[in-house]
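Below is one structure; the comments refer to it alone.
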Amino acid sequence: GQSRTTLVVDAGAAEHQISRHIYGHFAEHLGRNIYDGFFVGEENRTIPNTAGVRNDIIEALKALSIPNLRWPGGCFADTYHWMDGIGPKEDRPTIVNQWWGGVTEDNSFGTHDFLNLCEVLGTEPYLSANVGSGTVQEVADWIQYTNHGGESPMAKLRRENGREEPWNVKYWGVGNEAWGCGGNMTAEFYADVYRRYATFMQDWNQEDSVGIVKIASGASSNDYNWTRVLMQDLKLNMVDALALHHYSVTDWEDKGPSVEFDENQYFETMEVALAMDTLIENHTAIMDEYDPEKRIALYVDEWGGWYNVEPGTNPGFLYQQNTIRDAMIAGATLNIFNNHAERVKMANLAQAVNVLQAVILTEGEQMILTPTYHVMKMYVPHHDATLLPSSFETELTYSYEGKSLPALSASASRSDDGTVTISLVNIDASETHTVDIQLNGTTTGAVNAQLLTSDQLQDYNDFDAPDRIVPVAFTDFTVANGTVSVKLPPYSVVVLEVQP
Ligand code: AHR
């Protein structure tokens with residue numbers, strides 16, 4: 001078949017900013033994400049840590065310029081009572097994690113631990129409030145506790161617990177998956193519940209307050225009715241964003257192995273991952289009917305590949321390996337988000353450490369960076385850059401047993417200094433494809449490029465081979481008359497930085 005196409009990038013038609021928050025992460029109390037992941041305890045003498053949080057994880061996430069971190073769930077959030085996680089640790093009650101393995105937690109990682117970690121990381125916290133099994137008062141108090149700078153009961157309590165200044169938490173989720181683990185509500189019922197909660201979610205309106213962003217629990221994948229009902233029934237001035245969750249899962253009963261998958265499973269995973277584009281288009285079209293000014297954003301606050309757990313690990317812990325397939329999901333999905341920057345203002349990969357499509361895996365003292373981590377790193381130049389419209393003149397296909405998918409995906413942006421960043425993904429399992437990038441409206445100076453790929457789709461980084469898959473300098477391109485011609489090997493991510 002055809003293996004060459006042109007990507008037209010319109011550098012003169014820049015319109016929307018790609019919010020860096022599209023590159024957000026998610027840390028639920030689930031498996032070994034917080035406990036025995038991020039948090040190894042202040043008493044730990046073998047793993048270097050800052051207030052109990054691993055220094056190697058802090059450094060790795062800082063290198064990603066992690067823009068935000070969502071916590072404490074997920075499903076866990078609607079069981080969490082934040083007051084149990086403040087004050088002297090020895091006095092804190094336990095909590096049984098009913099969704100994830102039934103483990104008993106000692107609440108030693110709580111609000112102070114999380115928000116102080118966010119400060120160390122230089123990242124925006126995103127707190128997911130308990131709507132399913134909590135109270136309006138609890139949420140109202142949590143906001144006062146974290147954000148009130150003056151004299152108030154919760155500010156006083158915060159100070160007694162050692163924190164003088166408020167943290168000014170901006171992002172607040174009003175429940176999680178209200179249609180499922182968050183309470184199995186109908187859209188109509190949740191809309192009422194949302195309005196009640198939002199009424200008491202006070203933005204303390206202090207001088208240094210950033211104002212809070214209220215995020216409604218949104219649709220699962222293609223539940224368009226959910227989006228329509230929320231847009232109809234929520235007072236539009238009471239909501240800032242609708243969430244959307246979409247996982248790359250082919251069969252919820254048997255999700256297939258994370259490593260030993262065959263090409264059919266690969267193809268099907270990519271089909272579900274690429275559906276993100278249509279989902280965003282369709283949810284956006286509904287939102288446009290009620291909010292043509294696009295005041296309300298779409299936050300894809302859970303996404304990623306979800307497979308069967310690694311053999312021998314706790315089924316409730318969702319620990320899976322991360323292969324080149326995951327790099328393909330990440331590269332293609334982030335291109336989709338970039339291209340929808342006008343409406344998609346935040347996204348959170350599920351999840352940060354040791355859970356689902358993690359960027360970091362740990363085992364005892366060891367830590368490895370996954371292929372997904374490296375894709376996130378390669379895409380950092382897109383953070384807060386200006387989206388440049390780009391499109392392929394002809395669509396090349398990846399064919400497998402009579403079925404086909406678009407082989408290539410791309411997005412382009414321009415940073416303040418004029419550098420144009422183009423991220424390209426070739427998901428084809430066997431074909432090399434050539435892309436002639438035609439850059440209109442700018443000059444083409446020096447080009448730097450990086451490549452992420454491996455011998456096998458199933459390759460991954462492991463504790464005994466942590467650098468099997470790392471980005472390398474990429475040179476398989478030519479520049480002539482302003483056109484950059486790039487040869488994309490099978491299952492590869494290439495990011496080019498073109499100086500003006
Ligand atoms: O990310 C794992 C789980 O997936 C989350 O807790 C939940 O929100 C979703 O169903």
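The values are calculated or read from the model by the stated rules, or taken from the named source; none is laboratory data. Predicted, not measured: the structure shown is a model, and the values here were computed from it. Here the Cβ is made from the backbone with ideal geometry for all residues, glycine too, and neighbour counts use every protein chain on show.
If you check 146, 186, which single one turns out to be modelled with pLDDT of 95 or more, of a type in the set (Val, Ile, Thr) and crowded, with 21+ Cβ neighbours inside 10 Å?
Values: 186 fails: crowded, with 21+ Cβ neighbours inside 10 Å.
Answer to the selection: 146.
Got a sec? Which of 168, 116, 176 is out of contact with any His (no Cβ under 8 Å at 6 or more places or on another chain), touching a residue at least 60 places away in the same chain (Cβ under 8 Å), of a type in the set (S, T, N, Q) and in a loop (DSSP other than H, G, I, E, B)? Spell out how you get there, then give the answer.
Values: 168 fails: touching a residue at least 60 places away in the same chain (Cβ under 8 Å); 116 fails: in a loop (DSSP other than H, G, I, E, B).
Only one candidate passes the filter, namely 176.
With respect to the conditions (1) more than 28 Å from residue 236 (Cα to Cα); (2) surrounded by 19 or more Cβ atoms within 10 Å (Cβ to Cβ); (3) at pLDDT below 95; (4) not basic (Lys, Arg), residue 113 falls short on a single one, namely (3). For region 21-33, does any single residue satisfy the condition of being more than 16 Å from the ligand (Cβ to nearest atom), modelled with pLDDT under 95, not charged (D, E, K, R) and not in a strand (DSSP E or B)? No, region 21-33 contains no residue that is more than 16 Å from the ligand (Cβ to nearest atom), modelled with pLDDT under 95, not charged (D, E, K, R) and not in a strand (DSSP E or B).
I'd like to verify a number: residues in region 164-173 that are away from the ligand (no atom under 14 Å from the Cβ) and under 15 Å from residue 139 (Cα atoms), how many?
If we filter region 164-173 for residues that are away from the ligand (no atom under 14 Å from the Cβ), which is where we start, we get 164-172.
Remaining after also requiring under 15 Å from residue 139 (Cα atoms): 168-172.
Residues meeting the conditions: 5.
Do you know which residues across region 353-369 are within 16 Å of the ligand (Cβ to nearest atom) and of a type outside the set (A, V, I, L, M)? Within region 353-369, 354, 357 qualify.
Could you please tell me which pairs satisfy a Cβ distance under 8 Å, a separation of 6+ or placement on different chains, a first residue in region 370-384 that is under 16 Å from residue 352 (Cβ atoms), and a second residue that is in a helix (DSSP H, G or I) and modelled with pLDDT under 95? Pairs found: none.
The requirement of being under 24 Å from the mean Cα position of the chain (by Cα) and either at pLDDT 95 or above or part of a loop (DSSP other than H, G, I, E, B) (or both) is not satisfied by residue 43. Within region 99-110, residues that are assigned by TED's automatic domain parsing to the domain that holds residue 317 sit with their Cβ atoms under 9 Å from residues that are aromatic (Phe, Trp, Tyr) and part of a loop (DSSP other than H, G, I, E, B), at 6+ positions apart or across chains, in these pairs: 100/317; 101/317; 103/317; 109/38.
When you scan region 152-165, how many residues do you find that are in a loop (DSSP other than H, G, I, E, B) and touching a residue at least 40 places away in the same chain (Cβ under 8 Å)? Total satisfying the criteria: 3.
Residue-level analysis places residue 373 among those that are under 30 Å from residue 102 (Cα atoms), away from the ligand (no atom under 16 Å from the Cβ), buried (at least 24 other Cβ atoms within 10 Å of the Cβ) and not aliphatic (A, V, I, L, M). You will find that of 184, 116, 161, 107, the residue that is among the polar types (S, T, N, Q), away from the ligand (no atom under 16 Å from the Cβ) and out of contact with any helix residue (DSSP H, G or I) (no Cβ under 9 Å at 6 or more places or on another chain) is 116 and no other. Against the numbered list (1) part of a helix (DSSP H, G or I); (2) within 21 Å of residue 173 (Cβ to Cβ); (3) away from the ligand (no atom under 16 Å from the Cβ), residue 295 comes up short only at (1).
Residue-level check: of (1) outside any helix (DSSP H, G or I); (2) of a type in the set (A, V, I, L, M, F, W, C); (3) without any contact (Cβ under 8 Å) to a residue 40 or more places away in the chain, residue 204 misses just (3).
Go through region 84-98 and count every residue that is in contact (Cβ under 8 Å) with a residue 40 or more places away in the chain and crowded, with 18+ Cβ neighbours inside 10 Å. Please lay out each step first, then the result.
From region 84-98, those in contact (Cβ under 8 Å) with a residue 40 or more places away in the chain are 86-87, 97; that's our starting set.
Those still in the list that are crowded, with 18+ Cβ neighbours inside 10 Å too: 86, 97.
Counting residues in region 84-98 that are in contact (Cβ under 8 Å) with a residue 40 or more places away in the chain and crowded, with 18+ Cβ neighbours inside 10 Å gives 2.
Taking the criterion of being closer than 23 Å to residue 317 by Cβ, away from the ligand (no atom under 16 Å from the Cβ) and in a helix (DSSP H, G or I), the residues of region 54-81 that qualify are 56, 57, 58, 60, 61. Residues in region 313-344 that are of a type in the set (D, E, K, R) and surrounded by fewer than 24 Cβ atoms within 10 Å (Cβ to Cβ) were compared, and the one that is farthest from the ligand (Cβ to nearest atom) is 342.
Only one entry of 268, 260 meets the criterion of being more than 27 Å from residue 168 (Cβ to Cβ) and surrounded by fewer than 17 Cβ atoms within 10 Å (Cβ to Cβ), and that entry is 260. Within region 132-164, the set of residues being out of contact with any strand residue (DSSP E or B) (no Cβ under 6 Å at 6 or more places or on another chain) and of a type in the set (A, V, I, L, M) comprises 136, 140, 143, 154, 155, 157.
Residues that are at pLDDT 95 or above and either polar (S, T, N, Q) or out of contact with any strand residue (DSSP E or B) (no Cβ under 8 Å at 6 or more places or on another chain) (or both) within region 413-445 comprise 413, 415, 419, 421, 423, 426, 430, 432, 434, 438, listed in sequence order. In the set (1) within 19 Å of residue 29 (Cβ to Cβ); (2) out of contact with any strand residue (DSSP E or B) (no Cβ under 9 Å at 6 or more places or on another chain); (3) away from the ligand (no atom under 16 Å from the Cβ), the condition left unmet by residue 99 is number (3).
Kindly evaluate residue 41 against the criterion of being within 16 Å of the ligand (Cβ to nearest atom) and surrounded by fewer than 19 Cβ atoms within 10 Å (Cβ to Cβ).
Values: within 16 Å of the ligand (Cβ to nearest atom): no; surrounded by fewer than 19 Cβ atoms within 10 Å (Cβ to Cβ): yes.
For residue 41, the condition - within 16 Å of the ligand (Cβ to nearest atom) and surrounded by fewer than 19 Cβ atoms within 10 Å (Cβ to Cβ) - is not met.
Looking across region 230-288, the residues that are in a loop (DSSP other than H, G, I, E, B), touching a Lys or Arg at 6+ places or on another chain (Cβ under 7 Å) and farther than 16 Å from residue 323 by Cα come down to 234, 235, 239, 240.
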